[in-house]
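What follows is a single structure, written as structure tokens, with notes after it.
The values are calculated or read from the model by the stated rules, or taken from the named source; none is laboratory data. Predicted model only: the values in this text are computed from it and were never measured. Virtual Cβ from ideal backbone geometry, glycine too; neighbours counted across all protein chains shown. Heavy atoms of the whole protein, side chains included, go into the accessibility calculation; ligands, DNA and RNA do not. Shrake-Rupley method; radii C 1.70, N 1.55, O 1.52, S 1.80 Å.
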Amino acid sequence: MKAEGADPNGGAPDSTVRQTPRRENYTGLVAAFGLFTTVTMVVGGVIGSGIFRKPGIMAAQVGSPGLLLCVWAVAGLITLFGALTNAEIASMIPETGGQYVYFERMYGPFVAYLYGWAIFAVMQSGSIAAVAYVFAEYSGHFINVPQAPPGLAAWNIHLPLIGDIAPFNDLGTKGIAAVLVLLLTAVNYLGVKFGGLVQNIFTIAKVTAMGLLVLAAFLLPTGGSLSNLTMASTSIRPEGWMLVLAMTAALQGAFWAYDGWNKITYIAGEVKEPQRNIPRGLIIGMLLVTAIYMLMNLAYGFVMPVDEMAKSKLVAADVAEKCFAGGGRWIAAAVMVSTFGTANAIILATARVYFSMARRNVFPQFLGVVHPKFRTPAASLVVQGIWSALLLFSGTFDTLTDTLIFVSWIFYAVGAYGVFVLRRKEPNAPRPYRVPGYPWLPWIFIIFATAYLLITVYNDVVGYQAAVAAGKSAIINSAFGTALVLIGTPIYFWCKGREKKHQASNIASS
């Protein structure tokens, strides 16, 4: 008979977990999220800063409103394929920890650990930092953000084979972002229902603001024109292989905007009826996000010609300013609302991965303790918050996003292949949801992801060489992300060696 609070997967008993009449899994976390909150977690976790900040950069890369819309549609479709594939695994394994748990079951403990380490080192901590960074940037519309002296801001650290990191550039912006990260960490420390309520409120607010901007673009006398949606750039005309490279670079921005669809799987143990609600939440959520993004880009293109869009750092603000006086400040407030909610969603969900890893004895055990009062993975939240704040000082917004997207898509491809692994290893396991179009749909996603990663590496190296030739500091984002992930390899084997010595010592003493 197991002791009260024991982990049925073999972990150490947790004296802080008390029996309760509410439905709980073995982790002691409360199943508090229904389908509505699950959908808002998907939508809120995806829609953040990308749709407001990336379209101008993407327009400058492809030079055509039609191609720009095509990039957004392709990115949405491929991401939906990934979500549909992931949903089959999520319905099979509805446990807190999400893809970490999936990788462990598909590939074993080392690959699972490497994924969990990547989550901590760059993928989700980097997402938290990047989204908070944008929140802080647009707070400058309302407050005076002090910055470091030019000499200190220009100081950088050179990393061989990676590039230059300038920790004090945009110091005031990074400081505000760090405060936001720590504030939202505290919010989620205090309770999962409180965190879920914050998520619902801010997701509804951001989607409403975006809907109002779309209506303003098409209904107010803005001087917009349907011809803007078909008129290509007069100066940006990539062709042949250069067009492939340009569209791949633009996809990197779109994939950042779509990233976050898998975070709901991290809190599967806290979702009511997870076998039913997680697949439905993923599908409904991603269809809503794709529709919203296409409408937003149609609104941008209707109001602003592509050449003008290519020169805009914040397309949404410029479009809003064209629609009505003060629109720039209004959209800046909307961006802050959006990024606040997105940062909250990432913080809420991702700490559960480290919690799950600690319960499996591959992360420090204190990260797997449930807070006795608030019923949250408190220690995991705190450690995640501190590291995310530190990552803010590793580079710019684009450095953070390009690095984490590259690493994320490596694991997205490996995770999608896991559908084939599980169907072979566990052919008779219950599958409440099966990916449609099997095996073609998962293979399309895997092949696309592999090609995208290879071209991204090529783009990174070429871009770095061009920057160095021009005398500018630069970083190879794919190399930076890969290095952060590989750092976890010796840590894993050190932890496993220490565990074996501890077990041998216990046997000898007994």
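Pairs under 6 Å by beta carbon, first residue more than 21 Å from G253 (Cβ to Cβ) and touching a residue at least 40 places away in the same chain (Cβ under 8 Å) in region 441-457, partner open to solvent by less than 50 Å² (accessible area, probe 1.4 Å) and hydroxyl-bearing (S, T, Y), six or more apart or different chains?
Note: pairs meeting the criteria are P442/T85.
Does region 80-109 hold any residues that are open to solvent by less than 20 Å² (accessible area, probe 1.4 Å) and in a loop (DSSP other than H, G, I, E, B), and which are they?
Scanning region 80-109 gives I93, G97, G98, G108.
Test Q124 against the criterion of being surrounded by fewer than 20 Cβ atoms within 10 Å (Cβ to Cβ) and either out of contact with any His (no Cβ under 6 Å at 6 or more places or on another chain) or closer than 16 Å to V407 by Cβ (or both), and give yes or no.
On the way: surrounded by fewer than 20 Cβ atoms within 10 Å (Cβ to Cβ): no; either out of contact with any His (no Cβ under 6 Å at 6 or more places or on another chain) or closer than 16 Å to V407 by Cβ (or both): yes.
No; evaluated as a whole, the condition is false for this residue.
Output the number of residues of region 427-455 satisfying the condition of being in a helix (DSSP H, G or I) and either at pLDDT below 90 or surrounded by fewer than 15 Cβ atoms within 10 Å (Cβ to Cβ) (or both).
Of the residues in that region, 5 qualify.
Identify the single condition in (1) at pLDDT below 90; (2) within 27 Å of F363 (Cα to Cα); (3) among the hydrophobic types (A, V, I, L, M, F, W, C); (4) open to solvent by less than 30 Å² (accessible area, probe 1.4 Å) that I487 does not satisfy, given that it satisfies every other one.
Status for I487: all satisfied but (4).
Given the criteria closer than 27 Å to V370 by Cβ, basic (K, R) and at pLDDT 75 or above, does R105 qualify? Talk me through it step by step, then tell me what you get.
Details: closer than 27 Å to V370 by Cβ: yes; basic (K, R): yes; at pLDDT 75 or above: yes.
Considered against the rule, which asks whether it is closer than 27 Å to V370 by Cβ, basic (K, R) and at pLDDT 75 or above, R105 comes out as yes.
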